[in-house]
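The values are calculated or read from the model by the stated rules, or taken from the named source; none is laboratory data. All figures in this text were calculated on a predicted structure; none of them were measured in a lab. Cβ placement follows ideal geometry from the backbone for every residue including glycine, while neighbour counts extend to all protein chains displayed.
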Amino acid sequence: MAGAEEIGQAVRTDRATIAEAAIAAPPEARAVLQIDLGALKANWATLNAASGSAECAAVVKANAYGLGIEEVVAALAREGAKTFFVATLQEALRVRAQVPGAIVYVLDGYLAGAGDYYAGFNIRPVLSSLGEIEDWSRFASTKGRRHPAAIHIDTGMNRLGLSAGEVDQLAARLDLLDPFYVAMLMSHLASADEADNPLNRTQLARFEALRRRLPERRASFANSGGIFLGPDYHFDLVRAGIAIYGGRAFVGAANPMRTVVRLIARILQVREAAPGETVGYGASYHLTRPSRLATIACGYADGFLRALSGDDAHPGPVGYIGEHPVPVVGRVSMDLITVDVTDVPEHLVHRGGFVEVIGDRVTLDDLTDRAGTIGYELLTRLGSRVHRVYVGG
Ligand SMILES: *Cc1c(COP(=O)(O)O)cnc(C)c1O
């Protein structure tokens, strides 16, 4: 059997990528999302090494950022990941089914009434307000064992987490913690993707001060960006998300992570068009030369953002056929995009062939910078309809 590393190498070249995905794709597949589990595991290992002595937990919320919670969790567990964070209880149950020994935290926290799921499947809520701690404490006191949970302290997001005032109230009512086990105190950075943002230090100072008001526990603070802010931010456990999936953790710096996702879409039709003709809805793109166009099977319903359209004033992103760039022309529609293949040797462009629209050369971050969004959003939108192929697992 080929090692994951070898397979990872094999799919790195574009030709191999396209050939392999095309072979693995059933004939009815129109667009194929190739997920390189070898690269995913290598990214986790890089982050784990960068985290020093802290444990590197994997954030697998939103179906592992859209890439498939079962496959992602199984691969990361084989690589050595032991702790997983999800958003919802349903996601937690999927992680539990995949890795019976995993430690699983639910960021939604404790939904009153769902206690038996947490207790029965050994899932840990992240408790984010005093009221939630009261509810969980009451539930936990009906159980024979001190079930673990985390406590989330807000240090600057104003999203989830105990305020400073609530931390003080909790410190005055520590008996609330008796019925359960506080496994971890955590907080979350608002601007970890901006290395120089002073809010990072401010939040760090707040976290250190607030956690000292409570009994000493393991602490967790850093997301992907936070890992690269340095050891002060690591504490006992880091929570890595986007960087595992190959997205950049920092704005404005080279991304050291390996590419995990490639999206290729099938050519449904090749056509000729004359100068002066327009392409697509709104007739927003005018051809300036005799052109050959390929219509490919991927649109915004597949997660390819409509903001990635090309018009006369704003050229679209490029895809690739082999080594040849093919610009997106005209608007992205629900099921289709059109690319200009005029400059590609004719024998490489044929109905049923594939165009790579996301990969090493056109990264998630390139596309989302252009579309005014972030890699996280594009990832979680991809793949509800496209066929998925996992390699390198
Ligand atoms: C999503 C999330 C993470 C992971 O963040 P990335 O930027 O994807 O690394 C970590 N912690 C919390 C609380 C989160 O919601």
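Assorted remarks:
- Failed item in (1) farther than 17 Å from residue 162 by Cβ; (2) more than 15 Å from the ligand (Cβ to nearest atom); (3) without any contact (Cβ under 8 Å) to a residue 12 or more places away in the chain, with residue 270 passing the rest: (3)
- Scan of region 29-74 for residues that are crowded, with 20+ Cβ neighbours inside 10 Å and part of a strand (DSSP E or B), ordered by number: 31, 32, 33, 34, 35, 36, 56, 57, 58, 59
- Residues in region 163-175 that are aliphatic (A, V, I, L, M) and surrounded by fewer than 17 Cβ atoms within 10 Å (Cβ to Cβ) were compared, and the one that is nearest to the ligand (Cβ to nearest atom) is 164.
- Among the residues of region 102-158, those that are β-branched (Val, Ile, Thr) and within 23 Å of residue 213 (Cα to Cα) comprise 126, 133, 151, 153, 155.
- Residue within region 181-196 that is more than 16 Å from the ligand (Cβ to nearest atom) and under 18 Å from residue 110 (Cβ atoms) present: yes
- Filter result (more than 15 Å from the ligand (Cβ to nearest atom) and either in contact with a helix residue (DSSP H, G or I) (Cβ under 7 Å, 6 or more places away or on another chain) or over 21 Å from residue 135 (Cα atoms) (or both)) within region 109-121: 110, 111, 112, 114, 115, 117, 121
- Count of region 231-256 residues, restricted to those that are under 30 Å from residue 181 (Cβ atoms), of a type outside the set (Asp, Glu) and more than 8 Å from the ligand (Cβ to nearest atom), is 6.
- Subset of region 175-216 (residues that are closer than 30 Å to residue 145 by Cβ and hydrophobic (A, V, I, L, M, F, W, C)): 176, 177, 180, 182, 183, 184, 185, 186, 207, 210, 214
- Test: residue in region 204-222 that is away from the ligand (no atom under 15 Å from the Cβ), more than 23 Å from the chain's Cα centre (by Cα) and closer than 29 Å to residue 332 by Cα: no
- Those residues of region 132-162 which are β-branched (Val, Ile, Thr), within 15 Å of the ligand (Cβ to nearest atom) and in a loop (DSSP other than H, G, I, E, B), in sequence order: 155
- Screening residue 124 with (1) of a type outside the set (Phe, Trp, Tyr); (2) within 16 Å of the ligand (Cβ to nearest atom); (3) touching a Lys or Arg at 6+ places or on another chain (Cβ under 9 Å) gives one miss only, at (3).
- Among residues of region 31-79, those that are more than 16 Å from the ligand (Cβ to nearest atom) and in contact with a Leu (Cβ under 8 Å, 6 or more places away or on another chain), counted: 8
- Residue in region 97-108 that is away from the ligand (no atom under 16 Å from the Cβ), closer than 15 Å to residue 73 by Cα, part of a helix (DSSP H, G or I) and modelled with pLDDT of 95 or more present: yes
- Residue in region 297-305 that is over 30 Å from residue 74 (Cβ atoms) and either hydrophobic (A, V, I, L, M, F, W, C) or more than 16 Å from the ligand (Cβ to nearest atom) (or both) present: yes
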